[in-house]
Amino acid sequence: MKILVAVDGSRYTKRMLAYLAAHDEWLGAHHAYTVLTVVPPVPARAAAALPREVLKAHHEEEAERVLKPIRAFFAKQGLAAEFAAKAGAAAEAIATLADKGRFDLLMLGSHGHGALGNLVLGSVATQVLARCSTPVLLVR
């Protein structure tokens, strides 16, 4: 099974990884894992004032901050994985990669913004579910 694991380094990511580790059916060499983190974009006015190399370095540093412990988790489990980082809107980037990459499953942790937050902003998980045709395993 080809599995996309979307991570942001939050406690919800940790819960999802704990779920993954606790369920043997999700582990093993018979699965191909891709781990994705999405770095929030720098506001357009700030980005216009910064050199491209500075923006690239910022995105890489932020992605590595999230991915470093995830790499350690996969290594500890003895699992091979590809790691990817994108900058932009999280829901759009996750759903796009899940569909274009022809993944069999998308795993992600669910954030709880509360009713007002979801009304105004919408949660990433809700937006991914709305945009993505790939089956999603949402871990709370």
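Each reported figure results from applying straightforward, stated rules to the coordinates on display, with no laboratory input. Keep in mind that this is a model prediction, so the values were computed, not measured. Cβ coordinates were reconstructed from backbone atoms using ideal geometry, including for glycine residues, and neighbour counts include every protein chain displayed.
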Item to check | Charge sum, other residues only, whose C-beta stays under 13 Å from residue 100's C-beta, Lys/Arg counted +1 and Asp/Glu -1 | outcome: +2
Item to check | Residues whose placed amide H lies under 5 Å from that of residue 32, excluding near-sequence neighbours | outcome: 2, 3
Next on the checklist: Tell me the angle of helix 90-100 to the major Cα principal axis of the chain, expressed in degrees between 0 and 90 and rounded to the nearest ten.
Outcome noted: 50
Item to check | Using alpha-carbon coordinates, inclination of helix 11-22 to the longest axis of the chain, degrees | outcome: 20
Item to check | Folded to 0 to 90 degrees: helix 52-77 orientation relative to the chain principal axis, Cα | outcome: 20
